[in-house]
Amino acid sequence: MNRPQPILILLLALLALSLLAQIVPLYTDWLWFGEVGYVDVFVKTLSLRGALFAAMAIGVLIFLYANLTFAARTAPPDVIWELEDQLGLPGRVVIEPLIRRFMPIVLALISLAAGMGATVHWEIVLGYFNATPFGSADPLFGQDLAFFVFVLPFWRLIHGWASTLVFATIVLTLAVYVLQRSLVLTTRGPRLAAGARTHLLVLGALALGLKAIGFWLDRFDLVFSPRGIVFGAAYSDIYASLPVLGALAVFAALCGVACLAQIARSGLRLVAGGLIALTLVWVLGLGIYPALLQRFRVTPNELAAERPFIGHNIRMTREAYGLDRIVEREFPADEALDARALERNGATIKNIRLWDYRPLLRTFGQLQEIRTYYKFVDVDNDRYVVNGEYRQLMLSPRELSYQHLQSPGFINEHLTYTHGYGAVVGPVNRVTAEGLPELLVKDIPPQSASGFPKITRPQIYYGEQSNEYVLVKTRSQELDYPSGDQNVYTTYNGSGGIPISSFVRKVAFAVRFGEIKLLLSNDLTDESRIMMHRAVARRVRQIAPFFRYDRDPYLVIGDDGRMIWLLDGYTTTDRYPYSDPVAGMGNYIRNSVKVAIDAYDGSVSFYLADPTDPIVRAYASAFPTLLKPIEQMPEGLRRHIRYPEDLFAIQARKYATYHMLDPQVFYNKEDLWAVPRRTIEGRDRDMEPYFTIMRLPGEQKEEFMLLTLFNPARRDNMIAWMAGRSDPPNYGRLIVYNFPKQKLVYGPRQIDARIDQDPIISQQLSLWNQRGSSVIRGSLLAIPIDQSLIYVQPLYLAASEQGALPELRRVIVAYGNQIAMAAARAARLGDLDARSGRAATGRLDGLRRRAEAARGGPARPHAVEVRFPPW
């Protein structure tokens, strides 16, 4: 009788170890949330998850215990049944003690598993209890959209939990009845004891009642139907599936009543008849009838039948992605640029980006990494005022790469090499005589040119890449930066990190990271701190995992010289009725959050950027101290807020289809657009949006904005371009400029083809590629100037051997039917004055004469007539 005791002891030991494994991460996470100042977020989240765990575990335990105990204690039938059993199970004398002994253990394990599974759905519960109305209704049921975003998922969750519990209870109850011989299979057929029969019929009625609720909830999910010509409820969904689901809900409820009525009657005829009728209605009503309706009623007159629902899809998709806020204007694409137009747009021309981030990263790596353990992993584009000029600059932080340490180990990885150092900053269009980028900030320690803020805190403890943790304020020397053959050491002087002064904390972090040296090291003092979650994207997600975040945090150098990371946060859902979804994201998005992370002390601030968004208002209600008003962001940071790239790319792709407002035009795809594609590094890819500083037609000054282009579908000419504005007071506004449809405006792929076909340019490129070097073609940028459009593409030359420096050697400009290529010199691109028109003409005349000499005849007009600044 005592044999099961060791098993029970083992289970208890495993339970204790699992609890300990949970306590250590919880304790260290609590300390970390205290460091970043968001303990209330941690406590609220943990409390909600704990409440879900307790409610689910207790509910499952009570329900299962009540049913299984009732089944186990049901009076056994005649002993003859056991003799007739065909399954060959052990006798009740053997099984009943085992059931009594192991049932509590099994129920406890099931309850704990159910409780743990429930905790992952805490965001749905949080949204339900903090739901905020959208103020607009869906076109089918007339419900406020908050019902679909916040309420319906909660009801679905509760329904799913209840259905799973009842189904599992039926299975376990059947198993107990079989083991107890209350249900036996005999040669005369199955035999069921009266008490067991009543019990199972009650459970069956409950399951059918839940199925009726499920059918009723399925009606609301029709607004997310993917079966029609567009996303959302279509003709067959509304006129076939919707009434059938209502009928199925009624049939399922009646079947449940039949189960209860069957208790007072012998046999199972009522139940069997009800289930057969339910199955027939289910198969015919949801499978065959909608298909027949679609084929014989919808398909012959598809546009007429689906027209209203196409309209719903267009309207709701535009609202969900903010496309309804886009302002459309006409752009004539004139070819009337002259010296005065160039002079008016001097700031636009001076900020045309000639440095592409791909070759630029290689160049930065060769010139400015200084040591092998420093790496440049990204280049950010932003705008600054330099010596009174509004300039677009490139910034790349110099981060520490732990994979490139020559001697990795506990001391080096966690105590000595703790941070990156400084950044490289340069204008997007400045080139030295050697074809290399001109830099405003460079070297170690960082040296800033006149007019640019000096970096006062160059240490990067928190960046885009990091290891698990570092220890600061220790007795070990902490490398600050290399200086010649020597190293300069430092001691951290900020507030970042968690104090580990107590033995308990050292034990906790030693267990968390599996590192015994945290306990044994003599380098730790009472002032030592441990820094973890140092990768900025992971750090932010750890605090607020319910937001989505942009893929690219970007660095800002503040007026006070501190380096701050800015990251865009999004609210998304996949529950927006009729809105066409994006794979992996959902079908609604807003850039509602801006996050600032200090690169030195790791402090994190969340700012509410879009208070009109109902989803972010729900989270603000749940976590009152999480989000600050955007007005509280320091002015030096607010100047660097920019339109989010990921959001802009999603909106551009949706607008390529959903600019068509007429359902008939939409149905026929008469005006379908696409983002242009180009061959980049041997692969055909969509053109990436790009930042630039330019003056929009009709505006008085230049702005920093994000641009992308559109082609007609399956054609290469340009049809429109979109701009996302970043500067106040127009931040967040989108403008689309449409080209005349009766006029040919060359697209990027056509410009690429014309460059390849130009004899002078192609001859020069072929010559370079045959001399042990390779030509790298940079991004092809379309730059609107007044009512005209120019294309600019830089060319880089690099030696074929590994580690070669890409040098900017040529710039190609296309304007209308004209193409010119000229050397990229140290002078600024587009240094214009009142005489620039004559200067440009003279230098391009020189280019023409050289071309004539090379070809033995006069140059084609396209190499002469371009009135563009010299390079």
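Here are a few things to note about the model shown:
- Our estimate of slack between ASP334 and GLU515, defined as 0.36 nm per intervening residue step minus the Cα-Cα distance, is 58.4 nm.
- Over the range 473-519, the hull volume per residue, using the convex hull of the C-alpha atoms, is 105 Å³.
- Note on the range 111-236: Kirkwood hydrodynamic radius from all Cα pairs is 17.9 Å, rounded to one decimal.
- FRET E, pair ASP574, SER450, Förster distance 45 Å, beta-carbon r, rounded to 0.05: 0.30
- Under the convention that each Lys and Arg Cβ holds +1 and each Asp and Glu Cβ holds -1, the size of the dipole of the chain around its Cα centre is about 1160 debye.
- Computed label-point distance, nm, for sites ILE276 and ASP684 using a 7 Å Cα→Cβ extension: 5.8 nm
- R0 of 25 Å, Cβ-Cβ distance ARG295-LYS669: FRET efficiency to nearest 0.05: 0.65
- In terms of packing, defined here as the mean over residues of other Cβ atoms within 10 angstrom, the peptides 335-341, 365-371 line up highest first as 365-371, 335-341.
- Mean ellipticity per residue at 222 nm, deg cm²/dmol - from DSSP H runs of n ≥ 4 across the chain, formula -39500 (n - 2.57): -13000 deg cm²/dmol
- Cubic angstrom per residue, convex hull over Cα atoms of the range 260-327: 139 Å³
- Applying a length cut-off of 18 Å (Cα extent along the axis) and a mean Kyte-Doolittle floor of 0.5 to the DSSP H helices of the chain leaves 4-36, 39-73, 92-119, 152-179, 194-220, 242-262, 269-283.
- Where labels lie 7 Å past Cα in the beta-carbon direction, separation of ALA175 and ALA261 in nm: 3.4 nm
- Full-stretch length increase - VAL507, ASP526 - with 0.36 nm per residue and alpha-carbon distance subtracted: 5.4 nm
- Cross-link partners of LYS701 among lysines (Cα-Cα below 23 Å; sequence separation of 8 or more within a chain): LYS350
- The antiparallel fraction among DSSP beta bridges confined to the chain stands at about 95%.
- Since only LEU706, GLY451, VAL472 are under comparison, the one whose Cα sits farthest along the positive direction of the charge dipole of the chain, derived from C-beta charges on Lys, Arg, Asp and Glu, is LEU706.
- Global geometry of the range 753-800, whether rounded, prolate or oblate, following the gyration tensor of its Cα atoms and the 1.5 cut on a/c: oblate
- Calculated log₁₀ intensity ratio I(q)/I(0) where the Debye formula runs over C-alpha points of the range 526-637, q = 0.24 Å⁻¹: -1.40
- In nm, spacing of pseudo-spin labels at SER483 and GLN763 (7 Å Cα→C-beta vector): 5.6 nm
- Compared with the direct C-alpha span, the chain from ALA51 to GLN632 gains 205.7 nm at full extension, assuming 0.36 nm per residue.
- Cα-Cα P(r), the range 664-763, percent of pairs per 10 Å interval: 14, 35, 33, 16, 2
- The alpha-carbon atoms of the range 396-485, seen along their principal axes, cover 45, 28, 24 angstrom, with the largest extent given first.
- For the range 317-377, a Kirkwood hydrodynamic radius built from all Cα pairs, placed in the Stokes-Einstein relation at 4 °C and 1.567 mPa s, yields a translational diffusion coefficient of 78 µm²/s.
- Rg/Rh ratio calculated on Cα atoms of the range 418-546 (Kirkwood radius): 1.08
- Residues THR490 and ASN387, FRET efficiency given R0 of 41 Å [Cβ-Cβ distance, rounded to 0.05]: 0.80
- Measuring spread by the Cα atoms of the chain yields a radius of gyration and Dmax of 34.6, 114 Å.
- Sum of side-chain charges, GLU702 neighbourhood, beta-carbon under 12 Å (Lys, Arg +1; Asp, Glu -1): +3
- Taking other residues whose beta carbon is less than 9 angstrom from the beta carbon of PHE224, and scoring Lys, Arg as +1 and Asp, Glu as -1, yields -1.
Laboratory data are not the source of any read-out in this text; all were calculated from the coordinates shown. Computed from a predicted structure; not experimentally measured. Here Cβ is always computed from backbone atoms with ideal geometry, including for glycine, and neighbour counts include all displayed protein chains.
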